[in-house]
Amino acid sequence: MRSMTLYIGFTLCTFNVSSAENISDHELFCSKVTQQPCLLYIRQQLTALQPASVSWFKVKSYELDYLFDKQQFAELKQQTEQLLTLTSVPGSFSAQLYFYHAKVLYSEGDTEPARRYAGLALNQLQGAFDTFGAPLRLVELANLHYSLREYDKADAILNDAAAHFKKNKDPLFWFEWYSNKALIEHGRGQLAIAASMREQAVNAAKQMGHNGKMIIALGNLARTQQLLQQYEAAYMNYQQAMTYMQDGSDDINKAIYQLRMAEISWQRGQYQQAVNHLLALDKTKLRAPHLVVYNALTAEKVLAELAASPASAKQ
């Protein structure tokens, strides 16, 4: 699932069986497929299943997870709106559906309906945790409280999860746990603590060996470092994250990371490098908040002059 910071993707699993069998994580689902894009594989599997069957909903959850992870929010919203019209869905899927729809609405600034769907997801997830005791469900609950800016509640849930599942060896659980802990500390203005949590999330992502998680973890760490004015470290982590990206599936994150590297270069006075990054990114992949940054940078006189120079035109 996941940044921002909507980057973090969340998953559903049961505690008493292996996570690989039950987790709604598209990277795990696609891990054995190397010859075709993950989204294409997911959709091929969907067409082979009876619509609205239990198996279909399970694979559909991977598609929602993919769209969320890749920040394809317009399509995700379209899908969740259609799915919300169904009269009967499995309980675990409805929790995930409410969760993603709330996240999309939050990303658009549509706060009141987002809070309503977050509340529905909270009720579903609390019931699921009471029944199954799944550690990742606790993290999802914490994330929803974070989205509602209930930082103390979110933090308490994460602390309980760490205490109850301290022997858990699943790197995905700890990736999500540290990522959410970082979100809370960031929300409290504790950026240095958030950065240390981000570093732990990177370590967990390395254990998983999933490119998507590395992109998310490194990008989140880089952004926090940038806000701490640790520009060199931030730039290097954005660069490293870019090496895990694939054309087509990671184009949105690629544009965002190019933009941030341009911004860091400008902050460091490396103006030609900033221009190079601006010229390299695909502006059409940026959403409104990032377009504000893009427009501000391109309006900078020194960058505008360099961008118009013959040397930059040859880049």
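The values are calculated or read from the model by the stated rules, or taken from the named source; none is laboratory data. None of these values were measured; they are calculated from a predicted model. Glycine also receives a Cβ, built like all others from the backbone with ideal geometry; neighbour counts cover every protein chain displayed.
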Subset of the stretch 1-37 (residues that are at pLDDT 80 or above, buried (at least 22 other Cβ atoms within 10 Å of the Cβ) and over 15 Å from the mean Cα position of the chain (by Cα)): 29
Suppose the filter is more than 29 Å from residue 244 (Cβ to Cβ), surrounded by 14 or more Cβ atoms within 10 Å (Cβ to Cβ) and either in contact with a His (Cβ under 6 Å, 6 or more places away or on another chain) or not hydrophobic (A, V, I, L, M, F, W, C) (or both); does residue 66 pass it? no
Among 71, 126, which is crowded, with 19+ Cβ neighbours inside 10 Å, modelled with pLDDT under 90 and of a type outside the set (Asp, Glu)? 71
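For residues in the stretch 211-240 being of a type in the set (A, V, I, L, M) and farther than 14 Å from residue 199 by Cβ, which is modelled with the highest pLDDT?
Let us first name the residues in the stretch 211-240 that are of a type in the set (A, V, I, L, M), namely 214-218, 221-222, 227-228, 233-234, 236.
Now restrict to residues that are farther than 14 Å from residue 199 by Cβ: 215, 227.
Working: 215: 95, 227: 98.
Selected residue: 227.
Examine the stretch 305-314 for a residue that is farther than 30 Å from residue 40 by Cβ, surrounded by fewer than 16 Cβ atoms within 10 Å (Cβ to Cβ) and within 26 Å of the chain's Cα centre (by Cα), and state whether such a residue exists.
Start the filter on the stretch 305-314 by keeping residues that are farther than 30 Å from residue 40 by Cβ, which leaves 305-314.
Right, trim to surrounded by fewer than 16 Cβ atoms within 10 Å (Cβ to Cβ) and you get 305, 308-311, 313-314.
So of that shortlist, the ones also within 26 Å of the chain's Cα centre (by Cα) come out as none.
Looking for residues that are farther than 30 Å from residue 40 by Cβ, surrounded by fewer than 16 Cβ atoms within 10 Å (Cβ to Cβ) and within 26 Å of the chain's Cα centre (by Cα), one finds none in the stretch 305-314, hence no.
Go through 223, 268, 287, 260 for me and flag whichever is farther than 20 Å from residue 107 by Cβ and of a type in the set (Lys, Arg). Break it down stepwise before answering.
On the way: 223 fails: farther than 20 Å from residue 107 by Cβ; 287 fails: farther than 20 Å from residue 107 by Cβ; 260 fails: farther than 20 Å from residue 107 by Cβ.
Only one candidate qualifies: 268.
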Among the listed residues 136, 158, 105, 125, identify the single one that is under 26 Å from residue 205 (Cβ atoms), among the aliphatic types (A, V, I, L, M) and within 17 Å of the chain's Cα centre (by Cα). 136
Consider residue 53 carefully, then state whether it is of a type in the set (S, T, N, Q) and either buried (at least 19 other Cβ atoms within 10 Å of the Cβ) or modelled with pLDDT under 70 (or both). no
Residue that is nearest to residue 219 (Cα to Cα), among those in the stretch 45-69 that are in contact with a Phe, Trp or Tyr (Cβ under 6 Å, 6 or more places away or on another chain), of a type in the set (A, V, I, L, M, F, W, C) and part of a helix (DSSP H, G or I): 68
Counting residues that are closer than 30 Å to residue 36 by Cβ, which helices (runs of 4 or more DSSP H) fully inside the stretch 245-315 reach at least 3? 251-267
In the set 259, 172, 183, 228, the lone residue that is out of contact with any strand residue (DSSP E or B) (no Cβ under 9 Å at 6 or more places or on another chain), aliphatic (A, V, I, L, M) and surrounded by fewer than 22 Cβ atoms within 10 Å (Cβ to Cβ) is 228
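Answer yes or no as to whether residue 192 is in the same structural domain as residue 152 (by TED's automatic domain parsing), surrounded by fewer than 24 Cβ atoms within 10 Å (Cβ to Cβ) and either under 13 Å from the mean Cα position of the chain (by Cα) or farther than 30 Å from residue 38 by Cβ (or both). Can you show your working first?
On the way: in the same structural domain as residue 152 (by TED's automatic domain parsing): no; surrounded by fewer than 24 Cβ atoms within 10 Å (Cβ to Cβ): yes; either under 13 Å from the mean Cα position of the chain (by Cα) or farther than 30 Å from residue 38 by Cβ (or both): yes.
No.
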